[in-house]
Amino acid sequence: METILAQLLNGLDKGGAYALIALGLTLVFGTLGVVNFAHGALFMLGAFCAVAFRQFITYETVTLDPTKLSPWGAPLEIKTPMAQIWFGDFGAVLINWSVPISILLAIPVMLVIGIAMERGLIKHFYKRAHMDQILVTFGLAIVLQEVVKAIFGANPISQPMPVELRGSADIGAMLGLTPGMVTYPIWRLIYFLFSASIIGAVFAFLRLTTFGMVVRAGMADRETVGILGINIDRRFTIMFGLAAVVAGLAGVMYTPLVPPNYHLGMDFLVLSFVVVVVGGMGSLPGAVAAGFLLGILQSFASMTEIKAIIPGIDQIIIYLVAVVILLVRPRGLLGRRGVMET
Amino acid sequence: MTLLKRGLTRRRVLQTGMAGIIGSGVAPLMFTKGAWAQEFCNNPTGDTVTLGFVMPLTGAYADEGADQQRAFLLAVEHLNGEGDGGLLPTFSSKVLKGNGILGKKVAYVTGDDQTKSDAGRDAARRMIERDGAIMISGASSSGVAIAEQALCQEMGVIYMAGLTHSNDTTGKDKKRYGFRHFFNAYQSGTAIAPVLGEAYGKDRRAYHLTSDYTWGWTQEESIKNATEAMGWETVAAVRTPVGAGDFSQYITPVLNSGADVLILNHYGFDGVNSLTQAVQFGLRDRQANGKDFQIVLPLVSDLMAQGAGEAIKGIYGTANWDWQLDDAASGAFTRSFGAKYGQPPSQIAQTSYVQALLYADAVERAGTFYPPEVIKALEGFEFDGMGNGPTLYRAEDHQCLKEVLVVQGRENPSTTFDVLQTVQKVGRDVADYDASIFEGELGPYDAALCA
């Protein structure tokens, strides 16, 4: 029971990342009809918003202490972060909470990047074949990751989580099980809750606002909405920006879990497309459901007992499920008739 | 008989033959040391000799590769007589004078193996075929090192391995043209098991998470054998993909597995990630089987320790070398490296630097770049003054035999670099083993012509 609960929690936090990226992908596909292979790069750019913010506030001044020598005989360097020099104790707080705070930076940055990407490049490919869209967005993803590599280097850059959130929570004890048997890192629980909140917010935005209602109408019948005198293109552009923000926020909060590098987006991209296909092209609930489902399956497939029966199953389970789904339910779990069908 | 019948005596035959030999210009080659003319790959003919350095500048071991590159460039500097000379003054062999190798200035080419075997092999091949490299050195992954070593054997170029810890490198995949200064997984097991038994007791249940390639497999096997021999039980050994990043799905099953020790057969960023994530999961705060849960990182470097931060405190591992060792050679290398780069050298920097010097020294002692003679100069070579104490390049498998360090993450580091402390130096006699316990053949000495 404890083992299953632990794997379930793990699947939920993994699934949170998959669902957030797949949600953005589906938003773009559902509104603009573009298969955006640069979406993983947006996740990576979000992560690097956190990296850039931290590097900015931890930029250090170096002073030499001539009274002490390093092991190689040079005066000892004393490094002090600029944020601490400027803001004192508040600077230290900024550094400690840099990841959550960088969300405030990531939202406008990702919105601008998303809109610029759509207006500057992708809009020119709306009437082109899906293959052209895939090629241009894949090329864009490579360009973006090379830009990040040129600026930040190729190595992963650690992003510490706030000291207060570094421990683990005794989930087992909370649920009445033996204390200490199911502990789970607090940040991973936060990541799951954060994912669920963002997903809830996106659905609420689409369901409960006039803007969202128009977008949904546009997704169902773009021409008719246009005939009614509504500038649906502008709304879809904003939705592209929103999808970029969702991917970016997923990236920001992911940084303490795995140190990001320029390749992070590509690592998630293929998985996310599988999630979208399993969930059903164009289906937002499908993307979310498939994200969590595949995260949980991947987690359970990594259990020692399962791997003992089928070695390597943890590496292929997601693709295996995708194959089965495509065979028995080609539209995906919640896919709609007519989407990407001729 | 026929010749003699025509009036040719034995004396005349000998005289004629000798005159022909001298006349054809072969004699100088017969009586001159190093007379192998052009009959080997990339024989340097100009006033420079090119060495090829292949490192992981990207990928899971990129931190190691960056330090490896620093070390190689420093070695080239010292071989050419620039800088403070580094380990040249402390090295027991005194043939290196800082005037290049055999009077030729040392040039170099570098490449990124991306922590991938095929990329490493391609880079090494390019260096041999296009850049004329006479020797290849590098790698910080055993998979890459073994692939490059096999290529170098085929092409007749000596390979001085960087950080490779798999038993296979000088075991079943050993090659005549390949040499390893770094220690191996078998020696790690021999060194660390008694320390773990002393610290954690001899009644423990271990869970292994293992990088799924040659190094991980052999380290898992060696640590399992060594710990089981002293009474530990192995609960499970689970393979994980290299560069997985997020190891959480492999760590959660450990929680209720009945294990009370987690052994992480991971290196580089994988080691940093799996260790920090295991600590985040609260493993070190747990009790299992009535004991404090422990984590072991059998191969650890100071670069990993710096990356792991708080998580490394108290963690045991083994290392090839540490910059804080108090012998003259370690001090000299740390001063030289620190003055140039503003940070102390890591163990991969030390082994890479030493390998470059050992190759140059062997060429000088052989008096030629001809690989079979250089190989013979390295085989069975006893030396000291490189920071590892008295060391032997064993002829049977080209494995260096020297002391092994058991290290532990420091609880209260004084600087960001002061992250590991040596808790035991395991002597060369203890770390020694019979080369025949591993299969494999070194192969021929024959010098190939880059093909």
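The values are calculated or read from the model by the stated rules, or taken from the named source; none is laboratory data. Since this is a predicted model, take the numbers as computed values, not measurements. When we count neighbours, we look across all protein chains shown, and the Cβ atoms used for this are built from the backbone with ideal geometry, even at glycine.
Against the condition under 30 Å from B:GLN249 (Cβ atoms) and crowded, with 24+ Cβ neighbours inside 10 Å, how does A:ALA52 come out, does it pass? In short, no. A:GLU2 satisfies every condition listed in (1) under 30 Å from A:ALA290 (Cβ atoms); (2) within 13 Å of chain B (Cβ to nearest Cβ); (3) crowded, with 19+ Cβ neighbours inside 10 Å except (3). If you take the residues of segment B:77-123 that are closer than 18 Å to B:ALA145 by Cβ and acidic (Asp, Glu), which of them is nearest to the chain's Cα centre (by Cα)? Of everything passing the filter in segment B:77-123, B:ASP113 is nearest to the chain's Cα centre (by Cα). In this structure, is A:ALA289 small (Gly, Ala, Ser) and within 10 Å of chain B (Cβ to nearest Cβ)? The answer is no for A:ALA289.
So, of the residues in segment A:64-81 that are in contact with a strand residue (DSSP E or B) (Cβ under 7 Å, 6 or more places away or on another chain) and within 11 Å of another protein chain (Cβ to nearest Cβ), which turns out to be surrounded by the most Cβ atoms within 10 Å (Cβ to Cβ)? Per the stated criteria, the residue is A:SER70.
Only a single item in (1) in a helix (DSSP H, G or I); (2) of a type in the set (A, V, I, L, M); (3) buried (at least 18 other Cβ atoms within 10 Å of the Cβ); (4) within 12 Å of another protein chain (Cβ to nearest Cβ) is not met by A:MET219, and it is number (4). Could you please give the count of residues in segment B:313-327 that are among the charged types (D, E, K, R), within 13 Å of chain A (Cβ to nearest Cβ) and touching a residue at least 12 places away in the same chain (Cβ under 8 Å)? The total comes to 1. Do we find that B:VAL261 is at pLDDT below 95 and buried (at least 19 other Cβ atoms within 10 Å of the Cβ) in this structure? In short, no. Count, please, the residues in segment A:284-313 that happen to be buried (at least 23 other Cβ atoms within 10 Å of the Cβ), within 21 Å of the chain's Cα centre (by Cα) and not hydrophobic (A, V, I, L, M, F, W, C). Total satisfying the criteria: 5. Summed over segment A:134-187, residues that are more than 10 Å from chain B (Cβ to nearest Cβ), out of contact with any helix residue (DSSP H, G or I) (no Cβ under 7 Å at 6 or more places or on another chain) and within 24 Å of B:VAL254 (Cα to Cα) total 4. The criterion of at least 2 residues that are more than 14 Å from every other protein chain (Cβ to nearest Cβ) is met, among strands (runs of 3 or more DSSP E) falling completely within segment B:188-273, by B:261-265.
Taking only segment B:73-86 into account, find how many residues are touching a Leu at 6+ places or on another chain (Cβ under 8 Å) and away from every other protein chain (no Cβ under 14 Å). Selection size over segment B:73-86: 4. Answer yes or no: is there a residue in segment A:243-250 that is buried (at least 24 other Cβ atoms within 10 Å of the Cβ), within 14 Å of chain B (Cβ to nearest Cβ) and touching a Phe, Trp or Tyr at 6+ places or on another chain (Cβ under 8 Å). Yes, there is a match, as at least one residue in segment A:243-250 is buried (at least 24 other Cβ atoms within 10 Å of the Cβ), within 14 Å of chain B (Cβ to nearest Cβ) and touching a Phe, Trp or Tyr at 6+ places or on another chain (Cβ under 8 Å). Check off (1) without any contact (Cβ under 8 Å) to a residue 24 or more places away in the chain; (2) within 17 Å of the chain's Cα centre (by Cα); (3) within 20 Å of B:CYS41 (Cα to Cα) for B:ALA395 and give me the number that stays unchecked. It is condition (3) that B:ALA395 fails. Inside segment A:303-315, residues that are closer than 18 Å to A:VAL270 by Cα and more than 11 Å from every other protein chain (Cβ to nearest Cβ) make up a count of 1.
Summed over segment B:301-314, residues that are part of a loop (DSSP other than H, G, I, E, B) and in contact with a helix residue (DSSP H, G or I) (Cβ under 7 Å, 6 or more places away or on another chain) total 1.
Here B:VAL296 meets each of (1) touching a strand residue (DSSP E or B) at 6+ places or on another chain (Cβ under 8 Å); (2) facing another protein chain (nearest Cβ under 9 Å) with one exception, condition (2). For segment B:322-341, state whether one or more residues are assigned to a strand (DSSP E or B) and closer than 26 Å to B:ALA431 by Cβ. Taking every residue of segment B:322-341 in turn, none turns out to be assigned to a strand (DSSP E or B) and closer than 26 Å to B:ALA431 by Cβ. Kindly indicate which of B:ARG239, B:ARG284 is among the basic types (Lys, Arg), surrounded by fewer than 23 Cβ atoms within 10 Å (Cβ to Cβ), touching a Ser or Thr at 6+ places or on another chain (Cβ under 8 Å) and at pLDDT below 95. Of the residues listed, the single one that is among the basic types (Lys, Arg), surrounded by fewer than 23 Cβ atoms within 10 Å (Cβ to Cβ), touching a Ser or Thr at 6+ places or on another chain (Cβ under 8 Å) and at pLDDT below 95 is B:ARG239. B:ASP302 meets the conditions (1) within 22 Å of B:ALA60 (Cβ to Cβ); (2) within 13 Å of chain A (Cβ to nearest Cβ); (3) out of contact with any Pro (no Cβ under 9 Å at 6 or more places or on another chain) in every case but one. The failed one is (3). You will find that of B:LEU209, B:LEU151, B:LEU163, the residue that is under 17 Å from the mean Cα position of the chain (by Cα) and buried (at least 24 other Cβ atoms within 10 Å of the Cβ) is B:LEU163 and no other. Across segment B:369-397, the number of residues qualifying as part of a loop (DSSP other than H, G, I, E, B) and within 27 Å of B:GLY103 (Cβ to Cβ) comes to 7. The lone criterion from (1) surrounded by fewer than 23 Cβ atoms within 10 Å (Cβ to Cβ); (2) in a helix (DSSP H, G or I); (3) among the hydrophobic types (A, V, I, L, M, F, W, C) left unmet by A:LEU42 is number (1).
Would you mind stating whether A:VAL258 is facing another protein chain (nearest Cβ under 10 Å) and either surrounded by fewer than 21 Cβ atoms within 10 Å (Cβ to Cβ) or in contact (Cβ under 8 Å) with a residue 60 or more places away in the chain (or both)? It is true that A:VAL258 is facing another protein chain (nearest Cβ under 10 Å) and either surrounded by fewer than 21 Cβ atoms within 10 Å (Cβ to Cβ) or in contact (Cβ under 8 Å) with a residue 60 or more places away in the chain (or both).
Scan segment B:400-429 for residues that are in a loop (DSSP other than H, G, I, E, B), crowded, with 16+ Cβ neighbours inside 10 Å and not basic (Lys, Arg) and the total you get is 5. State whether one or more residues within segment A:146-157 are surrounded by fewer than 13 Cβ atoms within 10 Å (Cβ to Cβ) and either modelled with pLDDT of 95 or more or under 15 Å from A:GLY40 (Cβ atoms) (or both). Yes, because at least one residue in segment A:146-157 is surrounded by fewer than 13 Cβ atoms within 10 Å (Cβ to Cβ) and either modelled with pLDDT of 95 or more or under 15 Å from A:GLY40 (Cβ atoms) (or both). Selection of helices (runs of 4 or more DSSP H) fully inside segment A:265-342 by the criterion of at least 3 residues being in contact (Cβ under 8 Å) with a residue 12 or more places away in the chain returns A:284-301, A:313-328.
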